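Participant: Mind looking over this structure? Questions follow.
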């Protein structure tokens, strides 16, 4: 698999978020690769009160202020991790939260990490996919554009066909936040059963 180039992540997260749909999130582990196709994302912007970088640079969010195409991994509720793709040039802190995947690689490994009866519940949420793929804070700052990385975002040569089969792309408000909750910065594939929550407000496709 060929990772998406750093230039892919240079635009605003609001631009990158829908463009990530249908591409691969891949984790290389000692037991082999695992991952899937991205079916839901959320954008967090520099002037966005819900963005972790809104109040300035901290030890927690430092990766967001660096080079684009890096993984920003953070801890929530004391034990859940979430993974983001950093966007924009350095010193403009924006990121795209990967909210849901369609499992397509190493599903057995992911099921060992996160046993579930229904495969639709394996990776249909940001904390769920991180648990299934073994993504934690140690991967914060990982170069998602490097084929040798333990975590990368790879181009899907059939992305247009995948989006056509699982679409349309829906633009909706973000989930699980209280600040700037009205902003339509969540994007997902309406036909995918792996989306965390469906709430149609506007369709792009």
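Participant: Can you tell me which residues in the range 37-57 are crowded, with 24+ Cβ neighbours inside 10 Å and more than 11 Å from the chain's Cα centre (by Cα)?
Facilitator: 44
Participant: Okay, moving on. Looking only at the range 1-25, count every residue that is in contact with a helix residue (DSSP H, G or I) (Cβ under 9 Å, 6 or more places away or on another chain) and closer than 19 Å to residue 86 by Cβ and tell me the total.
Facilitator: Summing the residues that are in contact with a helix residue (DSSP H, G or I) (Cβ under 9 Å, 6 or more places away or on another chain) and closer than 19 Å to residue 86 by Cβ in the range 1-25 gives 11.
Participant: Would you mind telling me which numbered condition in (1) crowded, with 21+ Cβ neighbours inside 10 Å; (2) part of a loop (DSSP other than H, G, I, E, B) residue 147 fails?
Facilitator: (1)
Participant: Residues of the range 166-183 being modelled with pLDDT of 95 or more, out of contact with any helix residue (DSSP H, G or I) (no Cβ under 9 Å at 6 or more places or on another chain) and either part of a loop (DSSP other than H, G, I, E, B) or under 21 Å from residue 4 (Cβ atoms) (or both), which ones?
Facilitator: Answer for the range 166-183, where residues must be modelled with pLDDT of 95 or more, out of contact with any helix residue (DSSP H, G or I) (no Cβ under 9 Å at 6 or more places or on another chain) and either part of a loop (DSSP other than H, G, I, E, B) or under 21 Å from residue 4 (Cβ atoms) (or both): 166, 168.
Participant: Continuing with this model, one more query. Scan the range 51-73 residue by residue and report those that are in contact with a strand residue (DSSP E or B) (Cβ under 6 Å, 6 or more places away or on another chain) and either in a strand (DSSP E or B) or in contact (Cβ under 8 Å) with a residue 40 or more places away in the chain (or both).
Facilitator: Residues of the range 51-73 that are in contact with a strand residue (DSSP E or B) (Cβ under 6 Å, 6 or more places away or on another chain), as a first pass: 51, 63-64, 68, 70-73.
Across the range 51-73, the qualifying residues are 51, 63, 68, 70, 71, 72, 73.
Participant: Could I ask something else about it? Take the range 30-50 and flag every residue that is in a loop (DSSP other than H, G, I, E, B) and in contact with a helix residue (DSSP H, G or I) (Cβ under 8 Å, 6 or more places away or on another chain).
Facilitator: Selection gives 31, 45.
Participant: Filter the range 77-97 down to the residues that are out of contact with any helix residue (DSSP H, G or I) (no Cβ under 7 Å at 6 or more places or on another chain) and surrounded by fewer than 22 Cβ atoms within 10 Å (Cβ to Cβ), then identify the one that is farthest from residue 32 (Cα to Cα).
Facilitator: So, considering only residues that are out of contact with any helix residue (DSSP H, G or I) (no Cβ under 7 Å at 6 or more places or on another chain) and surrounded by fewer than 22 Cβ atoms within 10 Å (Cβ to Cβ), the one farthest from residue 32 (Cα to Cα) is 92.
Participant: Now for a different question. Just the residues that are closer than 15 Å to residue 39 by Cα and assigned to a helix (DSSP H, G or I), please, taken from the range 98-144.
Facilitator: 119, 120, 121, 126, 127, 128, 129, 130
The values are calculated or read from the model by the stated rules, or taken from the named source; none is laboratory data. Computed from a predicted structure; not experimentally measured. In this analysis, Cβ positions are derived from the backbone assuming ideal geometry, glycine residues included, and neighbour counts consider all displayed protein chains.
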